[in-house]
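First up is the structure itself, then whatever we jot down about it.
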Amino acid sequence: YASRGLGDVYKRQTMKSLLTSKGDTNRAAKACDCATVLNKQQALDIKNAGYTHVGRYLTGSVGKEHTPKYLTSTEVKNIENAGLSVFPIYQDGGYELNYFKDPSQGSVDAQTAILAAERIGIPSGTTIYFAVDFDCYSYQIDTFIIPYFEQIHMIFFSSTNDKNYKVGIYAPRYVLSLIHISEPTR
């Protein structure tokens with residue numbers, strides 16, 4: 001510890017950034033996500049706030065009243081007419097470890113996401129982001145999260161996915177740093 005090179009400083013900064021979930025709080029965001037089904041005015045308000053992309057959920061509901069949070073074809077038009085791009089997110093759970101403990105959950109989620117994307121006309125080749133919505137330890141990622149994405153990968157690269165949708169991950173930086181999705185040839 002007598003002397004540290006500049007590389008040690010960068011390594012330490014990188015490690016600290018992976019351990020916190022704040023990231024660069026001074027960085028301007030160009031994308032947002034929301035569970036609200038956006039009307040024309042809300043989409044315009046998001047655009048006027050400086051955003052270019054909005055993430056919306058393919059399925060599900062929120063709250064005790066089970067308010068729908070799922071993207072509709074009308075909403076896609078509202079978003080696009082406001083000059084925004086939409087990125088689809090799949091999350092019907094995933095905010096606690098138990099969700100990932102069933103080995104078949106990834107297959108179920110992949111099939112559900114593909115059907116929902118097709119239902120509302122998401123274009124071929126679009127990336128669908130699957131949510132891991134909690135901070136997890138590396139052993140949890142290795143034991144549960146990676147197998148979950150392996151199941152998703154298996155379905156996305158099967159004949160079930162005739163729209164050639166891509167797999168994305170919507171998760172804390174640490175999860176992203178440990179999971180790598182490759183694109184096999186068909």
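The values are calculated or read from the model by the stated rules, or taken from the named source; none is laboratory data. Since this is a predicted model, take the numbers as computed values, not measurements. Reconstructed Cβ throughout: ideal geometry from the backbone, glycine too, with neighbour counts over all protein chains shown. Ligands, DNA and RNA are excluded from the accessible area calculation, which covers all protein heavy atoms including side chains. Shrake-Rupley method; radii C 1.70, N 1.55, O 1.52, S 1.80 Å.
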Residue hits (the stretch 22-48; without any contact (Cβ under 8 Å) to a residue 24 or more places away in the chain and open to solvent by 70 Å² or more (accessible area, probe 1.4 Å)) are Lys22, Asp24, Thr25, Asn26, Arg27, Ala28, Lys30, Gln41, Asp45, Asn48
The residue that is surrounded by the most Cβ atoms within 10 Å (Cβ to Cβ), considering only those in the stretch 101-111 that are more than 15 Å from the chain's Cα centre (by Cα) and either assigned to a loop (DSSP other than H, G, I, E, B) or in contact (Cβ under 8 Å) with a residue 24 or more places away in the chain (or both), is Gln105
Of the listed residues (Gly121, Gly168, Gly125), the one being open to solvent by 20 Å² or more (accessible area, probe 1.4 Å), under 30 Å from Gln41 (Cβ atoms) and not in a helix (DSSP H, G or I) is Gly121
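Determine whether the stretch 69-83 contains at least one residue that is more than 21 Å from Asp45 (Cα to Cα), aromatic (Phe, Trp, Tyr) and open to solvent by 50 Å² or more (accessible area, probe 1.4 Å). Full working, then the answer.
Start the filter on the stretch 69-83 by keeping residues that are more than 21 Å from Asp45 (Cα to Cα), which leaves none.
No, the conditions are met nowhere in the stretch 69-83.
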For Ser159, the lone unmet condition from (1) touching a residue at least 12 places away in the same chain (Cβ under 8 Å); (2) out of contact with any Gly (no Cβ under 6 Å at 6 or more places or on another chain) is (1)
Could you go through the stretch 136-149 and let me know if any residue there is of a type in the set (S, T, N, Q), part of a helix (DSSP H, G or I), surrounded by fewer than 19 Cβ atoms within 10 Å (Cβ to Cβ) and modelled with pLDDT under 95.
yes
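From the residues in the stretch 171-181 that are part of a loop (DSSP other than H, G, I, E, B) and touching a helix residue (DSSP H, G or I) at 6+ places or on another chain (Cβ under 7 Å), which one is most open to solvent (accessible area, probe 1.4 Å)? Steps first, answer last, please.
Keep residues of the stretch 171-181 that are part of a loop (DSSP other than H, G, I, E, B), which gives 171-172, 179-181.
If we keep only those that are touching a helix residue (DSSP H, G or I) at 6+ places or on another chain (Cβ under 7 Å) as well, we get 179, 181.
Details: Ile179: 16, Ile181: 62 Å².
Restricting to residues being part of a loop (DSSP other than H, G, I, E, B) and touching a helix residue (DSSP H, G or I) at 6+ places or on another chain (Cβ under 7 Å), the top hit is Ile181.
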Is there a residue in the stretch 120-134 that is farther than 21 Å from Met154 by Cα and either of a type in the set (A, V, I, L, M) or more than 15 Å from the chain's Cα centre (by Cα) (or both)?
yes
Of (1) surrounded by 18 or more Cβ atoms within 10 Å (Cβ to Cβ); (2) in contact with a Gly (Cβ under 6 Å, 6 or more places away or on another chain), Val54 satisfies every one except (2)
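Quick check on this structure: which one of Thr160, Thr185 is modelled with pLDDT of 90 or more, in a loop (DSSP other than H, G, I, E, B) and either under 14 Å from the mean Cα position of the chain (by Cα) or farther than 14 Å from Ala131 by Cα (or both)? Lay out the reasoning, then the answer.
On the way: Thr185 fails: modelled with pLDDT of 90 or more.
Answer to the selection: Thr160.
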